[in-house]
């Protein structure tokens, strides 16, 4: 199979370039990550991130033929040759396929992605009705791979001010949680021309999410709450 | 670290853009059909088309909605692409002048004494 890989190593002083790689691999039943690992076995200078190799850890998000995907759950048979593999767009490249996730994590942290509840803890756990728990479906499954946020043009333009789809989906996950008591403060935190309203409904995030989640819908729920609070 | 917080604004302009979009979606096809149905017209016929007070009011309302809609959109574009505050302020002002000027101009044309 033919591959084109984005190569960059800062200490050589060279500009980033695309490297053509020919790999003898049977595509049937194999994922892109298998191919990348095989290429790395041939040329150990190739840098990438991977861990669980089954779409749970979110480490190996890369841009494949123009789409952000997890290499470990992208079947080789689905891909058109030459398979062009680049680092995630919109984040600084550290080396080859490895990007600096700091801008992404900073926005994630800014929505306080944890349960805020000042009521004294009960004897056992904080209980939740099954219906309340159902509201978290489609919001809690995010693995923070950054496929969505780095596919979002609004995030490319405003990475330091726009929370981005992943962060906003997590913001909604805690707003929607019946055990969370900080809804008003969370809405205050988001009501901002940049933090929330840079979302123009492009929906690249929905297209990119390898877990099939819908950040645009979550952003719509947040906007609906803000409108209800206002009018 | 400085606490990150929202500016407590943005919902209003987002709502305004949605509301004016609905108004435009209703008014523009209506006005277009009204004008197209009367074609071809000479100048007198064209003037007669806009003689009814209701048509003038609807047209002016649509123009105001369009200006408000365009204001939110232009502001979004400038927020994305123009970073220096001074340049951005100057351009925002220019957008206001053009949009407000166009609406006032349209009103003057519509209610010009024959």
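Elements of the type strands (runs of 3 or more DSSP E) sitting completely within the stretch A:1-109 and holding at least 2 residues that are within 27 Å of residue A:157 (Cα to Cα) and under 16 Å from the mean Cα position of the chain (by Cα): these cover A:61-64, A:67-70.
Here is a yes/no grid of residues against (1) more than 14 Å from chain B (Cβ to nearest Cβ); (2) farther than 21 Å from residue A:105 by Cβ; (3) at pLDDT 95 or above:
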residue: A:125; (1), (2), (3): yes, yes, no
residue: A:150; (1), (2), (3): yes, no, yes
residue: A:163; (1), (2), (3): no, no, yes
residue: A:166; (1), (2), (3): yes, no, yes
residue: A:175; (1), (2), (3): no, no, yes
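The values are calculated or read from the model by the stated rules, or taken from the named source; none is laboratory data. Everything numeric in this text was worked out from a predicted model, so none of it was measured. All Cβ positions, even for glycine, are placed from backbone atoms using ideal geometry, and neighbour counts span all protein chains on display.
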